[in-house]
Amino acid sequence: MKNTKIFIYLFAFALLYILFQRVNVGKKIKVDAQKIEKLSGKLKEVNKVKDSLENETLELSYFDLRFDDYGGEYIEDQGFSVEAIESLVLDTLIEANTAGEDNPFVPLVGMEGTTKIDRVKLLNHKWAIADFTDGTYWGQVLYLYEFNKDKTLRLDVISSHLYPKIK
């Protein structure tokens, strides 16, 4: 009789433990489902932002030689690589910045100092755009770049613009 009481108590205890675990797991599943739902919403928002940034990146890289397939093919047909052209044009324009002298590739003379080219971007296989400044005034210049038969670089200014001084 004592053994059966022990088994009844053990059975009752096991039944209560199983019931407790069942209720506890049910609550845990609900909490986890809510967390998953919140994270799914955040993931959707992050994916929207990611897609938006990817679209903006594609839009911004449209006029960029590195992403211009036709321009890249044209350059490779001429016997160059896009990286080599980019390096050559950038080096030519930036290295012309010398202390105490205006950059000879900037068509305007500095009014408050010497003109220096700050940034250059190759738009395609023929055009490059550059920012320049004399320390006070800022401007932009558009270049046509070509390679002569002896494969030397020729830069021609298409147009330039100097922004008015902001007070």
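Numbers below:
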{"read-out": "Glu54 vs. criteria assigned to a helix (DSSP H, G or I), under 23 Å from the mean Cα position of the chain (by Cα) and exposed (fewer than 10 other Cβ atoms within 10 Å of the Cβ)", "value": "no"}
{"read-out": "Residues of the range 87-99 satisfying the condition of being in contact (Cβ under 8 Å) with a residue 60 or more places away in the chain and not β-branched (Val, Ile, Thr)", "value": "Leu88, Leu93"}
{"read-out": "Residues (acidic (Asp, Glu) and under 18 Å from Val157 (Cα atoms)) located in the range 74-110", "value": "Glu86, Asp91, Glu95, Asp102"}
{"read-out": "Residue in the range 86-138 that is nearest to Ser61 (Cα to Cα), counting only those that are among the acidic types (Asp, Glu) and touching a helix residue (DSSP H, G or I) at 6+ places or on another chain (Cβ under 9 Å)", "value": "Glu86"}
{"read-out": "Among (1) farther than 16 Å from Ile75 by Cα; (2) touching a residue at least 12 places away in the same chain (Cβ under 8 Å); (3) of a type outside the set (Gly, Ala, Ser); (4) loosely packed, with under 12 Cβ neighbours inside 10 Å, the one test that Asp102 misses", "value": "(4)"}
{"read-out": "Tally, over the range 72-107, of residues that are more than 27 Å from the chain's Cα centre (by Cα) and under 27 Å from Tyr137 (Cβ atoms)", "value": "12"}
{"read-out": "Extreme residue, farthest from Ser160 (Cα to Cα), among residues of the range 67-82 that are of a type outside the set (Phe, Trp, Tyr) and outside any helix (DSSP H, G or I)", "value": "Gly79"}
{"read-out": "Number of the condition not met by His125 [criteria: (1) of a type outside the set (S, T, N, Q); (2) under 26 Å from Asp69 (Cβ atoms); (3) without any contact (Cβ under 8 Å) to a residue 24 or more places away in the chain]", "value": "(3)"}
{"read-out": "Some residue of the range 83-96 being in a loop (DSSP other than H, G, I, E, B) and not β-branched (Val, Ile, Thr)", "value": "yes"}
{"read-out": "Test: residue in the range 63-86 that is out of contact with any His (no Cβ under 9 Å at 6 or more places or on another chain), within 30 Å of Gly113 (Cα to Cα), surrounded by 10 or more Cβ atoms within 10 Å (Cβ to Cβ) and not β-branched (Val, Ile, Thr)", "value": "yes"}
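Readers should treat all values here as calculations from the given coordinates under stated rules, not as data from a laboratory. Every value quoted in this text rests on a predicted model; they were computed, and no experiment measured them. FYI the Cβ positions are ideal-geometry reconstructions off the backbone, even for glycines, and counts take in every protein chain you see.
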